[in-house]
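Visitor: Got a structure for you, written out below as structure tokens; questions coming shortly.
Read-outs: derived from the displayed coordinates by stated rules, not from any lab. Note that this is a predicted model, so its numbers are computed, not measured. Please note: Cβ atoms are built from the backbone with ideal geometry, for glycine as well, and neighbour counts cover all protein chains shown.
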Amino acid sequence: MDNITGLQATLEQVYNQMLPLCSSLIGAAQGIAGFAALWYIAARVWRQIAAAEPIDFYPLLRPFALGIAIMLFPTVIAIMNGVLQPVVATTNNMVQDSDAAITTLLQQKTAAEQQTPAYQMFVGTDGEGRPRQMVQIHPPG
């Protein structure tokens, strides 16, 4: 069961190594997201101004919020990791508790199997099994 805890450590290591390596990609995404959010908001405002309608700001908040989230991507990821860290710790404790329970159950299963007649006959205590008893036939008389 060390593979499960090893997987968590591996994922954390990949995260710590990849975030700095992706900084140029994050920068490009931030630029595109900022431009796209600005373009979308400007187009919506322009359409409402051109139609002589009042500007409705509420629908414009969603692209603005998405643009902010993308602009602050490393901070958003750090906040998400901070919030989810208790969940990671709790599930890690659950894995350790279940590992101990599974180990106990496997030991009980092995002990119960060793008491069965089939185990005694085919395996036995020394791994050789119990040899068949030679049956001697005595002549009558």
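Visitor: What residues from region 70-93 fall in the zone where the backbone N is under 11 Å from a label point 7 Å along the Cα-to-C-beta line of Gln8?
Guide: 85-93
Visitor: Which length gain, in nm to one decimal place, applies between Gln108 and Ala52 when the Cα-Cα distance is subtracted from 0.36 nm times their residue separation?
Guide: Numbers: separation 56, 0.36 × 56 = 20.16 nm, distance 7.96 nm.
Gain on extension, Gln108 to Ala52, equals 12.2 nm.
Visitor: If eta is 1.002 mPa s and T is 20 °C, what Stokes-Einstein diffusion coefficient results for region 1-90, Kirkwood Rh from Cα pairs, in µm²/s? Intermediate results must be reported in sequence, preceding the final value.
Guide: Details: Rh = 16.0 Å.
My calculation gives 134 µm²/s for D.
Visitor: On to the next question. Under a point spin-label approximation (7 Å from Cα along Cα-to-Cβ), what is the Tyr119-Val45 distance to one decimal in nm?
Guide: Simple spin-label model gives 7.7 nm for this pair.
Visitor: So if we plug the beta-carbon distance of Leu19 and Asn92 into 1/(1 + (r/R0)^6) with R0 = 30 Å, what FRET efficiency do we get, rounded to 0.05?
Guide: Using R0 = 30 Å, I get an efficiency of 0.85.
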